[in-house]
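The values are calculated or read from the model by the stated rules, or taken from the named source; none is laboratory data. Bear in mind the structure is a predicted one, so any value in this text is a computation, not a measurement. No Cβ is skipped: glycine too gets one built from the backbone with ideal geometry, and neighbour counts run over all protein chains shown. All accessible areas refer to the heavy atoms of the entire protein, side chains included, with ligands and DNA or RNA removed. Shrake-Rupley method; radii C 1.70, N 1.55, O 1.52, S 1.80 Å.
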Amino acid sequence: MASDLDILRELEKKILWLASWTIHNANHLRDNGDGVKVGGHQASSASLATIMTALYFDALRPEDRVAVKPHASPIFHAIQYLLGKQTRERLEAFRGYKGAQSYPSRTKDADDVDFSTGSVGLGVAQTLFSSLTQDYVRAHGWGKTSAGQTRREGRMVALVGDAEMDEGNIFEALLEGWKQGLRNCWWIIDYNRQSLDAVVREGLWERYEQLFKNFGWKVVIVKYGALQEAAFKEPGGDVLKRWIDNCPNQLYSALVFAGGAAWRKRLRDEIGDQGPVSALIDSRSDEELAALMNNLGGHDLSAMRAAFRANDDHDQPVCFICYTIKGFGLPLAGHKDNHAGLMTPAQVDTLRTALNVRPGHEWDKFEGLSLPQDAIETFLSNVPFAQGGTRRLEAPELAIPEDLPVTIQPVMATQMGFGAILQEIGRSKADYAERIVTTSPDVTVSTNLGPWVNRRGLFARQAMADTFKNERIPSTFSWEFSPQGQHIELGIAEMNLFILLSALGLSHSINGERLLPIGTLYDPFIARGLDALNYACYQDARFILAATPSGITLAGEGGAHQSIGTPLIGMAQDGLAAFEPAYVDELAAIMAWSLAYIQKSGGEISEQNWLRDETGGSVYLRLSTRPIEQIQRPMTPELRQGIVDGAYWMRRPGPNCQVVVAYTGAIAPEAIEAVGLMAEDRRDVGLLAVTSADRLNAGWTAAQRARERGLVHARSHIERLLEDVPPHCGLVTVIDGHPATLAWLGAVGGHRVRPLGVEHFGQTGSLAELYRHYGIDANAIVAAAQAIAPGRPIRHLKALP
C-alpha cells in the first residue's frame with residue numbers, strides 16, 4: 001500500500017507538469033491572434049512545486065488562508081484543478097479572456113483564492129494584517145459559526161519570493177506586527193537566490209534570519225534534502241557539506257544548469273583528492289550527483305513536511321527559509337535568464353516523455369502517475385485543506401440609519417463634522433456602531449478621530465492603561481488600550497494603513513464577521529500608499545477612507561502637504577466611490593450611504609451597474625479643515641439623493657441662463673460669492689454643487705455605453721441636471737484640486753467650459769493669498785465667466801494678478 005509520502009511525490013510531479021503545460025499551451029499551442037508573448041513564469045513556478053505540494057496537501061487546514069507568490073499562479077491553479085476547484089477550460093485559457101489569471105485574484109479567478117497577489121510584497125503583508133484582524137474579531141467575542149460554535153483560528157500564510165523581500169512595505173509590516181503582538185502567521189520564503197534579472201547577494205539568509213528573530217518570529221531554515229542529509233553522514237560528508245555552505249549563489253545556480261559532469265569537475269577541482277569525499281563523489285553517476293546537489297530542502301517533500309508539522313502546535317509567527325532552485329525539474333533550472341524564459345516545444349516533449357504523459361492526454365489528472373488512480377483519488381478526497389465546504393464566508397448586512405445624528409455648528413469644517421458624526425455614533429448602542437473599527441497612521445488626533453477614540457478606546461490584545469491619566473496629567477484625549485477597543489493605532493506608514501483596511505474590509509469573507517472599517521490620513525499622502533490602496537480595491541475589500549486636510553486650503557503647511565491630484569485618483573480608482581462634500585449635512589448623508597454601500601454584495605460588477613450601487617465598493621472622502629458657514633436646510637429625500645448621486649442645484653439656472661458655476665468642496669464660499677458678484681450682469685446664473693465628480697462621471701459614461709447598446713432612453717444624473725441648461729450657456733468649474741476633475745462637464749451637453757483649479761505645487765500663505773495666486777478665488781471665477789459668456793462687462797470684476 002502506497003504511503004502518503006509516495007502519493008505526495010506523485011502529486012508533486014503532476015503539479016509541475018500541469019503548471020508547465022498550462023504555460024506552454026498558452027504560449028505555443030493556443031491561437032492568441034495578436035502575436036504578443038503570453039508568458040507565465042515556468043521557472044518561478046517550478047521552484048515552489050514541492051513546497052506547495054507539502055503545504056496544500058498535508059499542512060493546511062480549512063481555516064488557513066494563503067497568499068500565493070504571484071509567479072507561482074500556475075502551480076496554484078494546478079493544485080486547485082486536482083482538488084476539483086478549477087476547470088480544464090480555464091487552465092486552457094490561462095492568461096486569456098475569462099481564463100485562470102496570471103496572478104491569483106479573488107475577484108477574477110473562479111478557484112479558491114484567499115488573497116489576490118500581483119504587485120509583489122502586498123500579498124505578503126496582507127497575511128500579517130489578516131492575522132491581526134482575526135485577533136481583533138476574536139477579542140471582541142465574535143468568530144462563531146451559524147450553529148454558535150467558535151471557529152478555529154486559522155494561520156495566515158504567505159508564499160514569498162526571495163526577491164520579493166526587497167519590497168519596503170514588507171519591513172514596514174514586520175515592525176507593525178511586532179507592535180501589535182502578531183500571531184498565527186507563516187511566511188515561507190522561496191529562497192532560490194534568483195531575482196527577475198540577477199542572482200541575489202551572498203549571505204542574505206543570515207540577514208533575514210536575524211531580522212525576523214528581532215521581531216519575535218521563529219525562523220526555520222530548510223536547506224538540505226534527504227539525499228544531502230544522508231550523504232553528509234557518509235565518510236567525507238562533512239567536507240561536502242562545508243563546500244555546499246560556502247558555494248556562492250551564482251556558481252551554485254550555474255552548476256545546476258550545467259549538470260552532473262560540471263558538478264563533478266568543480267567538486268574535484270575545488271575539494272581535490274581527499275579520499276573519503278572523493279569516494280563519495282565518485283560513487284555516484286553524473287545523473288545521481290546532479291540529483292544529490294539539486295536536492296535542496298525546498299525540493300524535498302519529507303523535509304518540507306517535517307518542517308511544517310514541527311510548527312503546527314504553536315501560534316508564534318514563523319519564517320521558513322526554504323532553499324530552492326529556480327526552474328527545478330525543468331531544462332531552465334539555474335540559468336540566470338530563466339525568469340522570463342519558456343521551454344521550447346522540444347524541451348516540453350522531453351519533459352512529457354520523462355513523466356510518462358502520452359500525447360493527447362496532457363490535461364488528464366492522473367496521466368503518467370505510477371500509483372493506482374483510486375489510491376490518489378481517495379487521498380485527494382481526504383486532504384484536510386479541502387474539507388469543510390466553502391471557504392468564502394458570509395456575514396449579514398448591518399442596518400444603517402438614513403440620518404446620522406450630528407450637531408451642526410453655524411461655522412464648521414468637514415473634517416470637524418467627520419469627527420462630530422463619529423462622536424455621536426460612538427454614543428450609540430446600535431449594532432453597526434459596535435462593528436465600526438477605525439485606524440490611522442499616527443494622525444488620529446489631527447484627523448479628528450480623537451472624540452471617537454475617547455468613547456470607544458484603542459484596541460490591543462492586552463489591556464494597557466493611559467499613564468498620563470493615571471498620573472493625573474490633564475489631557476483632552478484618553479489613550480487606554482483593551483481587547484474591546486475599536487481603534488487600531490498604526491505607525492507612520494501609509495502602506496500599512498491601506499493593507500490593514502484591506503484585511504479589515506475582507507473580514508466578512510475571511511472571518512465570517514462584518515466589520516465597518518474607517519481609515520484616516522492626510523490627503524496628499526494617499527500617494528504614498530497608492531499601490532496598496534489599488535490592491536485593496538482590486539481584492540474588493542470594503543472600507544471608508546477619510547483623507548484630510550486636502551488641497552492648498554491647508555494654507556499654512558505649504559506644498560509638501562497640499563494635495564493637487566487626489567481628486568483624479570478618486571475618479572480613476574476602480575472600486576472606490578470618491579466624494580468631496582462642502583457642508584456637514586452633505587457629509588452626514590454621504591457617510592450614512594457609505595456605511596450601507598460598503599456592505600453590498602449584489603453580484604457581478606458589469607457595465608449595466610457601473611455605479612456599483614447594487615454591488616458596493618469602498619468610499620473615499622476628501623475633507624477639509626476650512627471652517628465655512630453652514631446652510632440651515634431640511635434634508636429632503638430629493639436633496640439626499642442628489643448629494644449621493646454626485647450633484648444638486650444650489651441655485652437652479654433660469655431659462656435664459658448665460659453661465660453656470662459648478663464647484664466642489666471647500667471652495668463653495670468663493671463660488672457663492674462669485675455668483676452674487678455677477679448676478680447683475682449675467683442672466684439666470686446657475687450654481688451647481690458637485691459632491692462627487694467620480695459618481696457623476698461614472699454614471700455619465702455608463703449611460704453612454706447603455707445607449708450604444710440600444711437602451712436609447714438611458715440618462716445619467718448629470719445629463720438630467722444639465723438638460724435644461726441652454727446650449728449657449730458657459731460652464732465655469734472650480735475645485736481646490738486639479739481642474740481636470742470637473743473639466744469634462746462641458747462634454748455632457750456640449751457646453752463651453754472654463755475649468756479652474758490647482759495645477760502646480762502649493763506654497764504657504766493665507767487662504768485669500770493662495771486662492772488669488774492659483775486663480776480659484778471669487779474674482780477668478782467671475783473673470784472666467786466673463787470670458788466664456790461674453791456680454792456687458794461684469795461691474796464687480798477686478799483685474800487679475
**OP:** Say whether the condition of being buried (at least 24 other Cβ atoms within 10 Å of the Cβ), at pLDDT below 95, under 23 Å from ALA59 (Cα atoms) and touching a Lys or Arg at 6+ places or on another chain (Cβ under 9 Å) is met by at least one residue in the range 170-187.
**Re:** no
**OP:** Specify the residue that is surrounded by the fewest Cβ atoms within 10 Å (Cβ to Cβ); the eligible residues are those in the range 64-98 that are over 14 Å from ILE188 (Cβ atoms) and in contact with an Asp or Glu (Cβ under 7 Å, 6 or more places away or on another chain).
**Re:** LYS85
**OP:** State which residue pairs qualify: first residue at positive phi and inside the range 356-381, second residue of a type outside the set (Asp, Glu) and open to solvent by less than 60 Å² (accessible area, probe 1.4 Å) in any location, beta carbons under 7 Å apart, and separation of 6 or more residues or different chains.
**Re:** ASN356/GLY368; GLY368/LEU355; GLY368/VAL357
Original post:
For the range 289-315, what are the residues that are among the charged types (D, E, K, R), touching a residue at least 60 places away in the same chain (Cβ under 8 Å) and either over 14 Å from LYS223 (Cβ atoms) or not in a loop (DSSP other than H, G, I, E, B) (or both)?
Top reply: ARG305, ARG309, ASP312, ASP315
**OP:** Starting from the range 386-411, take each residue that is farther than 26 Å from TYR583 by Cα and list its partners that are aromatic (Phe, Trp, Tyr), counting only C-beta distances under 7 angstrom and pairs at least six apart or across chains.
**Re:** LEU398/TYR432
Original post:
Which of the residues spanning the range 188-224 are more than 12 Å from GLY298 (Cβ to Cβ), assigned to a strand (DSSP E or B) and at pLDDT 95 or above?
Top reply: LYS218, VAL219
Subject >> Residue ID - nearest to ILE15 (Cα to Cα), chosen from residues in the range 347-360 that are open to solvent by 60 Å² or more (accessible area, probe 1.4 Å) and in a loop (DSSP other than H, G, I, E, B) >> reply: ASN356
**OP:** Quick one: GLY737 ticks every box in (1) open to solvent by less than 20 Å² (accessible area, probe 1.4 Å); (2) of a type outside the set (D, E, K, R); (3) in contact with a Lys or Arg (Cβ under 7 Å, 6 or more places away or on another chain) except a single one, so which number is it?
**Re:** (3)
Original post:
In the range 455-502, how many residues are of a type in the set (A, V, I, L, M), more than 22 Å from HIS140 (Cα to Cα) and either in contact with a strand residue (DSSP E or B) (Cβ under 7 Å, 6 or more places away or on another chain) or touching a residue at least 12 places away in the same chain (Cβ under 8 Å) (or both)?
Top reply: 3
Original post:
Which residue pairs have Cβ atoms closer than 7 Å, lie 6 or more positions apart in sequence or on different chains, and pair a first residue in the range 425-439 that is in contact (Cβ under 8 Å) with a residue 60 or more places away in the chain with a second residue that is assigned to a strand (DSSP E or B) and among the small types (Gly, Ala, Ser)?
Top reply: THR439/GLY519
**OP:** Hey, can you tell me all the residues within the range 400-411 that are of a type outside the set (Ser, Thr, Tyr) and over 27 Å from the mean Cα position of the chain (by Cα)?
**Re:** PRO401, GLU402, ASP403, LEU404, PRO405, VAL406, ILE408, GLN409, PRO410, VAL411
Subject >> Looking only at the range 132-181, and only at residues there that are touching a strand residue (DSSP E or B) at 6+ places or on another chain (Cβ under 7 Å) and part of a loop (DSSP other than H, G, I, E, B), the one that is nearest to GLY457 (Cα to Cα) >> reply: GLY143
Original post:
Out of (1) within 21 Å of the chain's Cα centre (by Cα); (2) farther than 23 Å from ASP166 by Cβ; (3) open to solvent by 30 Å² or more (accessible area, probe 1.4 Å), the odd one out for GLY35 is which?
Top reply: (1)
Subject >> Among residues of the range 630-672, those that are touching a strand residue (DSSP E or B) at 6+ places or on another chain (Cβ under 9 Å), exposed (fewer than 15 other Cβ atoms within 10 Å of the Cβ) and closer than 24 Å to ARG612 by Cβ, counted >> reply: 2
Original post:
Out of curiosity, is THR764 of a type outside the set (Gly, Ala, Ser), open to solvent by less than 50 Å² (accessible area, probe 1.4 Å) and under 25 Å from ILE628 (Cα atoms)?
Top reply: no
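Matching residues to (1) within 16 Å of ILE518 (Cβ to Cβ); (2) in contact with a Cys (Cβ under 7 Å, 6 or more places away or on another chain); (3) modelled with pLDDT under 95:
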{"position": "GLU402", "(1), (2), (3)": "no, no, yes"}
{"position": "VAL411", "(1), (2), (3)": "no, no, no"}
{"position": "ILE436", "(1), (2), (3)": "yes, no, no"}
{"position": "PHE468", "(1), (2), (3)": "no, no, yes"}
Subject >> From PHE129, PHE115, residue being crowded, with 22+ Cβ neighbours inside 10 Å, assigned to a loop (DSSP other than H, G, I, E, B) and in contact (Cβ under 8 Å) with a residue 40 or more places away in the chain >> reply: PHE115
**OP:** Identify the single condition in (1) open to solvent by 30 Å² or more (accessible area, probe 1.4 Å); (2) on the phi < 0 side of the Ramachandran plot that GLU719 does not satisfy, given that it satisfies every other one.
**Re:** (1)
**OP:** Tell me which residues, restricted to the range 296-307, are of a type outside the set (D, E, K, R) and crowded, with 22+ Cβ neighbours inside 10 Å.
**Re:** LEU296, GLY297, GLY298, HIS299, LEU301, ALA303, MET304, ALA307
**OP:** Need at least 3 residues that are in contact (Cβ under 8 Å) with a residue 40 or more places away in the chain and closer than 24 Å to GLU153 by Cα per element, so show me which helices (runs of 4 or more DSSP H) inside the range 18-107 make the cut, counting only ones lying wholly within it.
**Re:** 49-54
**OP:** Find the residue count for the range 337-346, including only residues that are out of contact with any His (no Cβ under 9 Å at 6 or more places or on another chain) and surrounded by 16 or more Cβ atoms within 10 Å (Cβ to Cβ).
**Re:** 1
**OP:** Please work out which residue is most open to solvent (accessible area, probe 1.4 Å), limiting yourself to the range 396-454 and to residues that are of a type in the set (D, E, K, R) and out of contact with any helix residue (DSSP H, G or I) (no Cβ under 8 Å at 6 or more places or on another chain).
**Re:** LYS429
